[in-house]
Every structure is written in C-alpha cells, then in structure tokens.
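The values are calculated or read from the model by the stated rules, or taken from the named source; none is laboratory data. Since the structure is predicted, the reported quantities are computational estimates derived from the model, not experimental observations. Note that we place each Cβ from the backbone using ideal geometry, even for glycine, and neighbour counts take in every protein chain shown. In case anyone asks, the SASA skips ligands and DNA or RNA and just uses the protein heavy atoms, side chains included. Shrake-Rupley method; radii C 1.70, N 1.55, O 1.52, S 1.80 Å.
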Amino acid sequence: MKSSLTIKIVIFSLLAMFSTNAFAQLPQETPQQKAQRMKWWTDARFGMFIHWGLYALPARHEWVKKNERLTNEEYQKYFEMFNPDLFNPRQWAKMAKEAGMRYAVITSKHHEGFCLFDSKYTDYKAPNTPCGKDLIKEWVEAFRAEGLKVGFYYSLLDWHHPDYTIDRNHPRSASSDEEYARLNKGRDMNKYRKYIKNQVRELLTNYGKIDIIWLDYSFPGGKHGKSRKDWDSINLLKMVRKLQPQIIVNDRLDLLDVPGGWDFTTPEQYKVSKWPERNGKRIPWETCQTFSGSWGYYRDETTWKDTKQLLVLLIESVSKGGNLLLNVGPTARGTFDYRAKDRLHAMGEWMKVNSRSVYGCTQAPDQFPRPDNCLLTYNPKTNRLYVHLLDYPIKRFTLKGFGGKVKYAQFLHDASELKFGKPRYNVTYQEKKSPKDVILILPVVKPPVEIPVIELFLK
Ligand code: GLC
C-alpha cells in the first residue's frame, strides 16, 4: 500500500518535471556567476536603442502598418524606396559615445518583418532594396570600433512572413474566431518557428561576438495572443546561449518562471517606483525610453523630453540600481533627427564631467536618507556617494543623517571643495545643528551644469 503510493508520487513528480520543462534545461549558473557575466552591463548603465526600418519612410510610428491596417501591397512602396544614402554608422557611434552611452542595441528586424541584415532565409531585406547592402554588418563594425558593446533587437512578431498567423496585434487582426480561422488557413507556425531560429542563428554567427539580444515580445493570455509555445522559446533561448554563452538576454520570451529564462527586466516608457524585485530579490533591470512618443522616426511627433528630464531619467534609474536604454529613430536618409542630436549632445556635455556618478554606480545604502529634491547614487568600489541637486539650493545645504559619515566633499564637475558649515542664526532665531547632520556651504551661483553633483568621500 505504502510502496504503491511512493511509486505514484514518483511518477507524478516525474510528469510534473517534464511538463514544466525541467528536462529541457537551460544553462544554469549561480547568482555570482550571473552577476559576473552581466558586470560590464550593470557598470555601463547607459545605452542607445536604435529603431530603424521601412517605417522611417512613412515617418509616423513603427506600428504604422498595424495602426493604418496597411496591406503588404500598400506597404511595398517603402521597400522599393528605401535608400538611406546618408547612412554613416561611424557618426552614429560617435554620437552615442559622446553622449556617454556604452552600448547600443539595433533593430535587426522589427514587427514589419523587414530585415536590415543579409539573411539567407528571406528576400525582404535591405540588400534587396535600392540601399543594396547589409546595414547590420556596417553598423556592428562601426560601433565596435568606438569601443561600444553591441546588441540586436529581433522582433518575434512578423507582419510580413506568410506563415506567421494573424493575431490580435497583426495589421489584419480579425473581428471573429471564424474570420481568424479563415485568414489563418494554410499559415504554418512550425515553419515560422524555424524561420526565427534560422535568422537568430545567422545574427549570432555571422557578426562576431554579440553582447546583448533583445527578443521582442510575447503577448500571452486573452484571445489570439502569442506565448512561449508560439516561439518555442525554450529551444530558441537554448540555441542563443549555446551560440553566444556570454550574451545578455531580455525578458520578453514569456519565460519569467523558467530558471535561466531571462537576464534582466524591461520596464518600458515608465519610471519604476523602486528597484524591481522577483521572489523578494532585487533583479537586474533596464528601462527603455524614447525621446518622444514613438520608437521609429516620427516627423510630426512633438512631445520631446527636454535634457533635464532625460538626465533625471538616467540618474534616477541608476539611483534604483538600473540602466537606461534611450532610443533614437533614424530618418530614412540614415541620419539622426536634429532634436535627437541636440539631446544627445546636451547629455554628453553633462556626462563628460559627471559620468563618475553613473558608471559603476548603484542605489545608495539605506543609511543615507535621500535629501529633498535630490537623487543619490553610490559607487561601492570607491565608497563615494553622489548627491544630484535637481533643484539648486541656496548656500546652506543640509544632509540629514549623514553626520559622522563624510570625510570630504566636492563638486564633481570641477573638483572644487565644498566646506562644512554651521547653521545660520540671527538675533531672534537660531537653528540647532544635530550631530546627525552634515551642512555644506555651496556657492550661490549655480554651477554651469544642468544638474550639479556633489561627490562625497565616505569614511
Ligand atoms: C514594444 C513595441 C515596439 C518597440 C518595443 C521597445 O514592444 O511593440 O514597437 O520596439 O516596445 O521596447
């Protein structure tokens, strides 16, 4: 009786293991090994996203095909006209580097299905347009030459491939189950799954060491979505890890519950309220953000963030232990929009003298409470704390709770000393200084940097 129960339990657990794919194991590593593999990325903190494709021609959102329900025939004119004659990836790489970015991720294929690279498995690619070349090859070489790490975005969605089934996000999305059935007759996701693997294999074999892969995205749940089954996510990721064991992978394969199924999480177009956690543990994260509303070049979109908002986005991400991947949508000539250039330049001016508060930095230890209107970052290696003054104070600046912990203070941009001070008093009123506080004396005139930073050498 007892032994038959044991057998049942064993069989049941084996079945459970099979069904949760424990046997289709992805490579496992210890938290330390993972942190080590990702170290360059967590130190880098700031990267460039690039969304470029045929949608640069209509110049009204990379989802234009879906938003306007354009047919393949209607969209074909952009393929025939694609000729980015001013494409100069060296200039792009220089602009990224000068902005202080340390890595870049480009769309090798977006949802529209068009490939910037020379794939053997499709004709729908840049070499077959008037452009006539493998843009990814030149891009990779140029960015590497500037010392930047390189990554590929690859869209799991494909609105051009004949075997990709029509789903709720497709330009031809239907209004009834019957219509879906009719539209999807003859489409074979098995073939499409092979296509994804073939293309990702090309991307991870033909261009040398690739540092990041950004697979985008899954939309499980509800009707006519797509999930890990549709992409064969586990086997796809196994192949990725095998081809490029050091690569860093985002979290959009619908494998959040699978050990080894993702490396970092990707809050998109919003600021997290605190360092994201999973199962009570802080996890690596990167927020991806646009300068304006759209990822692809959008000529008439006017909601551009200003330099200060963008710097705050970067600093605030680091202050919560995360990265910022900031997007540029190049034009169909192959240039960066003047507004993007302007913002990149301004961020670079700030980074030139302040990047020490970004690279290698993370959230400040809890023993340092955040002063009003400030963001704190901390470099654990040098034991320095950075106070970013978002709203420049008048002369006396109190760091509550910092008493006894600070050795020396200076402005970061010019290494000029900031003296410790005493509280002000006059005949009628005197503030008491608590031994728990540090008072710094700042110059009245705000230094000529968008967000001044105080560098504190801790005891
Ligand atoms: C979303 C959008 C896509 C964009 C991506 C960037 O998945 O579909 O257009 O590329 O976010 O994170």
**Report entry** In the stretch 397-419, residue surrounded by the fewest Cβ atoms within 10 Å (Cβ to Cβ) [restricted to those that are within 16 Å of PRO371 (Cα to Cα) and out of contact with any Pro (no Cβ under 8 Å at 6 or more places or on another chain)]
**Finding:** LYS405
Report summary line: If we keep only residues of the stretch 91-104 that are open to solvent by less than 80 Å² (accessible area, probe 1.4 Å) and not in a helix (DSSP H, G or I), then the residue nearest to MET351 (Cα to Cα) is GLY100
Requested in this report: Might you let me know whether the stretch 212-221 holds any residue that is more than 16 Å from the ligand (Cβ to nearest atom), open to solvent by 10 Å² or more (accessible area, probe 1.4 Å) and assigned by TED's automatic domain parsing to the domain that holds LYS109?
Outcome: no
**Report entry** Cross-chain or 6+ apart pairs with Cβ under 6 Å, the stretch 73-90 first and assigned to a helix (DSSP H, G or I), then surrounded by 14 or more Cβ atoms within 10 Å (Cβ to Cβ) and among the β-branched types (Val, Ile, Thr)
**Finding:** PHE79/THR129
Requested in this report: Kindly check whether there is at least one residue in the stretch 212-227 that is within 22 Å of the chain's Cα centre (by Cα) and more than 26 Å from PRO171 (Cα to Cα).
Outcome: yes
Requested in this report: Take the stretch 294-320 and flag every residue that is assigned to a helix (DSSP H, G or I) and touching a residue at least 12 places away in the same chain (Cβ under 8 Å).
Outcome: THR307, LYS308, LEU310, LEU311, VAL312, LEU313, LEU314, ILE315, GLU316, SER317, VAL318, SER319
Requested in this report: Working only within the stretch 358-397, note down all residues that are closer than 15 Å to ALA44 by Cα and hydroxyl-bearing (Ser, Thr, Tyr).
Outcome: TYR359, THR362, THR377, TYR378
Query - Odd one out for TRP159, checked against (1) away from the ligand (no atom under 16 Å from the Cβ); (2) touching a helix residue (DSSP H, G or I) at 6+ places or on another chain (Cβ under 8 Å); (3) part of a loop (DSSP other than H, G, I, E, B); (4) not hydroxyl-bearing (Ser, Thr, Tyr) - result: (1)
Query raised in the report: Of these, ASN88, ASN72, which one is surrounded by fewer than 21 Cβ atoms within 10 Å (Cβ to Cβ) and within 25 Å of the chain's Cα centre (by Cα)?
Result: ASN88
Report summary line: Of the candidates ASN235, ASN190, ASN206, the one satisfying the condition of being open to solvent by less than 70 Å² (accessible area, probe 1.4 Å), over 28 Å from ASP366 (Cα atoms), modelled with pLDDT of 95 or more and of a type in the set (S, T, N, Q) is ASN235
Report task. For the stretch 285-304, enumerate the residues that are in contact with a strand residue (DSSP E or B) (Cβ under 8 Å, 6 or more places away or on another chain) and either open to solvent by 40 Å² or more (accessible area, probe 1.4 Å) or more than 16 Å from the ligand (Cβ to nearest atom) (or both). Result -> TYR298, ARG299, ASP300
Requested in this report: Output the number of residues of the stretch 321-344 satisfying the condition of being assigned to a loop (DSSP other than H, G, I, E, B), farther than 16 Å from ALA96 by Cβ and among the hydroxyl-bearing types (Ser, Thr, Tyr).
Outcome: 1
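Results for (1) among the hydrophobic types (A, V, I, L, M, F, W, C); (2) assigned by TED's automatic domain parsing to the domain that holds PHE82; (3) over 24 Å from GLY151 (Cβ atoms); (4) open to solvent by 20 Å² or more (accessible area, probe 1.4 Å), shown as yes or no for each residue.
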residue: VAL328; (1), (2), (3), (4): yes, yes, no, no
residue: PRO365; (1), (2), (3), (4): no, no, yes, yes
residue: TYR386; (1), (2), (3), (4): no, no, yes, no
residue: GLY421; (1), (2), (3), (4): no, no, yes, no
Query raised in the report: What tally of residues in the stretch 330-361 results from selecting those that are open to solvent by 20 Å² or more (accessible area, probe 1.4 Å), touching a helix residue (DSSP H, G or I) at 6+ places or on another chain (Cβ under 9 Å) and hydrophobic (A, V, I, L, M, F, W, C)?
Result: 2
Requested in this report: Provide a single number: the residues in the stretch 23-61 that are more than 16 Å from the ligand (Cβ to nearest atom) and outside any loop (DSSP other than H, G, I, E, B).
Outcome: 14
**Report entry** Condition met for ALA96 (of a type in the set (Gly, Ala, Ser) and over 19 Å from ASP216 (Cβ atoms))
**Finding:** yes
Query - Given (1) in contact with a Gly (Cβ under 9 Å, 6 or more places away or on another chain); (2) open to solvent by less than 30 Å² (accessible area, probe 1.4 Å); (3) not small (Gly, Ala, Ser), number of the condition LYS149 does not satisfy - result: (2)
